[in-house]
Structures are given as C-alpha cells and as structure tokens.
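Only one structure is covered here, and it is reproduced in the block below.
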Amino acid sequence: MHRVQVTEIAGVMTLGPQATRHLHVLRLQPGERVQVFDGRGGQGEAVLLDLLPGEGRATLELQPDALGTVRGAETPQPVTLAVALLKGDKLADVVRAATELGAASIQLLLTQHAEAREIGAQKLQRLRRIASEAARQSERSVTPGVLEPVKLGAYQWNGTLLVAHPGSSTLLTDLLTWDAPLTVLSGPEGGLSGAEMQDLLAQGAKAVTLGPRILRAETAPLAMLGAIAATGY
Ligand code: SAM
C-alpha cells in the first residue's frame with residue numbers, strides 16, 4: 001500500500017501540493033486506500049476522497065479500523081546522529097541514508113576543523129524534505145528532525161554518546177545496551193581536534209572504532225548507524 005505523510009492523523013486530512021503530486025504520480029484514484037503517517041509515530045490507513053492536482057490539494061478519510069497499526073520500524077531507544085557540517089551536498093546523502101537506517105533525529109554540528117562553516121535556510125529545508133521522503137519510502141512512522149547546527153563545545157546530548165574516533169579500539173556494538181537514548185557522533189573531513197575529543201570524553205562520551213580504515217566524513221556516520229541496524233534494530 002502506498003504511504004503518504006500528513007501533518008496530523010485526523011478523521012479528514014487535507015494534503016498539500018507535494019503529497020498531492022506524489023499521489024497523482026502514483027495514479028491513485030478516489031476510493032483507494034493509502035497508509036498515512038505523521039512523522040511522530042502516529043500511523044493508520046485512509047481512503048482517498050478526492051485528488052485535485054491542479055489545485056495542489058487532496059483529501060483523505062481515516063479508517064478507524066486500521067488505526068494504530070504501527071510497524072516496529074523504530075529502535076528501542078531514539079538514536080540521534082550528530083554529524084559535523086560537510087562540504088557541498090554530502091549531507092543530503094547522509095540524511096537520506098541515516099533516515100533509512102533508523103536515526104530518530106539528526107543534529108548538525110559546527111566543529112573546529114570543518115571546511116563547511118554554515119548552512120543556509122534553504123539547504124536545511126531541503127534536508128528536512130529529504131528526511132521526510134526517506135521516512136516514507138523506508139516505512140518509518142517517525143521522520144527525523146534535521147536540527148540547526150550547534151557548536152560542538154555547547155552540544156548537550158541526552159543519554160549515551162558514542163564518538164567515532166580512528167584511535168579507538170572499542171567496538172560500537174559492545175557498548176549498545178538500549179538502556180538510554182543513544183547519540184552517535186562523527187567528525188568533519190578534517191577530523192575532530194584533540195581538544196574536542198578530550199572535552200567529549202571528559203563529559204562521559206565513549207570513543208569507538210569503525211575498523212582499521214579511515215572512512216570519509218560522509219561514510220563514517222552511516223557506518224555507525226549501519227552497525228546498529230545490523231544488530232536487528
Ligand atoms: N584525519 C582525520 C582523523 O584522524 O580524525 C580523518 C577524519 S575522517 C575523514 C572523518 C570522521 O570520520 C572522523 O572524525 C571520525 O569521526 C570518523 N572516522 C573515519 N574513519 C574512522 C574509523 N576507522 N574509526 C572511527 N571513526 C572514523
């Protein structure tokens with residue numbers, strides 16, 4: 001069944017231009033059923049009442065019999081990906097794949113050795129759209145928020161923080177206990193500075209290895225999330 005994101009699960013739901021266009025491209029007809037999800041864990045089934053691509057609007061009616069059929073697509077505790085700003089369009093691929101791999105939110109970080117120093121409002125909006133589309137495609141009930149960059153020195157995480165550090169010999173999977181929210185963090189093209197690493201460790205973060213090879217800054221975050229996904233979550 002096709003899936004579409006709505007702003008809120010309600011008896012009658014009106015879709016905006018983007019979701020309407022999506023249903024139009026799929027040639028969905030009034031009377032057909034679709035899965036709806038709100039990106040915050042709410043999910044159900046709805047019948048398409050009308051589809052008006054010219055007006056950029058469609059209406060759906062919730063089917064109460066299929067409410068609460070949330071699939072177990074989420075991790076036992078929320079996993080945040082904290083990732084340094086990266087050059088060019090690399091974050092688009094990171095956000096797309098991180099969403100497929102189960103990240104519950106994506107925190108952008110400003111770090112000392114990052115080559116990218118800022119991100120514009122339009123680019124941030126685009127990353128959010130990419131996360132929403134990837135959540136729909138991967139049948140997630142949660143769309144990860146892509147959060148405005150914060151300075152690494154001021155970053156406050158919740159629960160356990162695992163930092164990808166080439167100098168570590170600790171395996172990420174050995175520290176995966178699911179007893180608290182988890183954040184996995186990886187650095188920019190130039191790596192994290194010694195001072196940044198020391199600060200994180202002093203605040204209780206744990207350094208983990210991703211193997212004996214140096215991964216690119218856009219590969220490392222996905223290797224962390226992939227290692228978690230490969231445990232079955
Ligand atoms: N020369 C830099 C260094 O030594 O940190 C390389 C940076 S690497 C291109 C970008 C980020 O990916 C690093 O900051 C780290 O977080 C992560 N990373 C890359 N390879 C890794 C590995 N084998 N183990 C753990 N983390 C790795």
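A short reminder: the numbers here are calculations on the coordinates, not readings from a lab. Small disclaimer: the values here were computed from a predicted structure and weren't measured. Because the Cβ atoms are built from the backbone with ideal geometry, glycine has one as well, and the counts that use them run over all protein chains shown.
Among the residues of the stretch 101-128, those identified as without any contact (Cβ under 8 Å) to a residue 40 or more places away in the chain and among the charged types (D, E, K, R) are ARG117, GLU118, LYS123, ARG126, ARG128. Scanning for something in contact with a Phe, Trp or Tyr (Cβ under 8 Å, 6 or more places away or on another chain) and under 29 Å from PHE37 (Cα atoms), does the stretch 109-117 turn up at least one residue? Scanning the stretch 109-117 turns up at least one residue that is in contact with a Phe, Trp or Tyr (Cβ under 8 Å, 6 or more places away or on another chain) and under 29 Å from PHE37 (Cα atoms). Screening the stretch 160-233 for strands (runs of 3 or more DSSP E) wholly inside it with 2 or more residues that are farther than 16 Å from VAL94 by Cβ returns the ranges 160-164, 206-208.
Among the listed residues LEU182, LEU161, LEU147, LEU171, identify the single one that is under 18 Å from the mean Cα position of the chain (by Cα) and within 13 Å of the ligand (Cβ to nearest atom).
Working: LEU182 fails: within 13 Å of the ligand (Cβ to nearest atom); LEU147 fails: within 13 Å of the ligand (Cβ to nearest atom); LEU171 fails: under 18 Å from the mean Cα position of the chain (by Cα).
On inspection, the qualifying residue turns out to be LEU161.
Each residue in the stretch 119-159 was checked for being in contact with a Ser or Thr (Cβ under 9 Å, 6 or more places away or on another chain), part of a strand (DSSP E or B) and surrounded by fewer than 20 Cβ atoms within 10 Å (Cβ to Cβ), and 3 of them qualify.
Within the stretch 177-190, being surrounded by fewer than 21 Cβ atoms within 10 Å (Cβ to Cβ) and either among the charged types (D, E, K, R) or touching a helix residue (DSSP H, G or I) at 6+ places or on another chain (Cβ under 9 Å) (or both) holds for ASP179, GLU189.
Within the stretch 216-233, being surrounded by 11 or more Cβ atoms within 10 Å (Cβ to Cβ) and either over 18 Å from ILE106 (Cβ atoms) or among the aromatic types (Phe, Trp, Tyr) (or both) holds for THR231, TYR233.
Within the stretch 185-222, take every residue that is polar (S, T, N, Q) and within 6 Å of the ligand (Cβ to nearest atom) and give me the one that is nearest to GLY102 (Cα to Cα). Result: SER186. Picking from ALA46, ALA84, ALA58, ALA19, which residue would you name as being closer than 30 Å to THR231 by Cβ, of a type in the set (A, V, I, L, M), in contact with a strand residue (DSSP E or B) (Cβ under 6 Å, 6 or more places away or on another chain) and surrounded by 20 or more Cβ atoms within 10 Å (Cβ to Cβ)? Being closer than 30 Å to THR231 by Cβ, of a type in the set (A, V, I, L, M), in contact with a strand residue (DSSP E or B) (Cβ under 6 Å, 6 or more places away or on another chain) and surrounded by 20 or more Cβ atoms within 10 Å (Cβ to Cβ) holds for just one of ALA46, ALA84, ALA58, ALA19, which is ALA84.
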